[in-house]
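What follows is a single structure, written as structure tokens, with notes after it.
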């Protein structure tokens, strides 16, 4: 079996890089949605949600960089154009969200989609003993599950 310079199987790593790029594209869409909601939110929840959306987009920006750097570590090239992001997006692209419940529902739905992608990557990285990607996905999943729980609680829903 042919391996790359960090000891991972070449073919499986290329497949993993593709999945990471899809995740990267979707995180970029999630990030842009958060920025728009941060700017446009209105109503009685404005102060709380304006700050929360900023917290979430700053976190997404860090994760975007981590994903891109992991792709590079694995020998790939991260997506970096808007056409790539849009082509690979599974997350709903929204604009002009002003209402609090609509915004929170979009976050929950977006994070649910990201979790699906991350679990696929977790399974693939585990199968080839890629602990770097595995650890990153585990951390993302734990954080996002908690965020979904908190956002669902804000909506008055259970998970």
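A few remarks follow.
- Projected-area mean, the chain, by convex hull of Cα positions, square nanometres: 9.1
- Acute angle (nearest 10 degrees) that the helix 100-127 long axis makes with the longest principal axis of the chain, alpha-carbon atoms: 10
- As a proxy for reagent exposure, ranking 137, 150, 1 by other Cβ atoms within 10 Å from fewest up yields 1, 150, 137.
- Relative pair counts by distance (%), Cα atoms of segment 85-142, 10 Å bins: 21, 39, 28, 11, 1
- For the chain, calculated [θ]222 nm from helices alone, where every DSSP H run of n ≥ 4 adds -39500 (n - 2.57): -26000 deg cm²/dmol
- Rounded to 10°, Cα long-axis angle of helix 10-40 versus longest principal axis of the chain: 10
- Ranked by how many other beta carbons lie within 10 Å on average, peptides 54-66, 102-114 from highest: 102-114, 54-66
Quick note: the coordinates plus some simple rules give every number you see, no bench work behind them. Computed from a predicted model, the values in this text were never measured in an experiment. Note: ideal-geometry Cβ built from the backbone for every residue, glycine included; neighbour counts use all protein chains shown.
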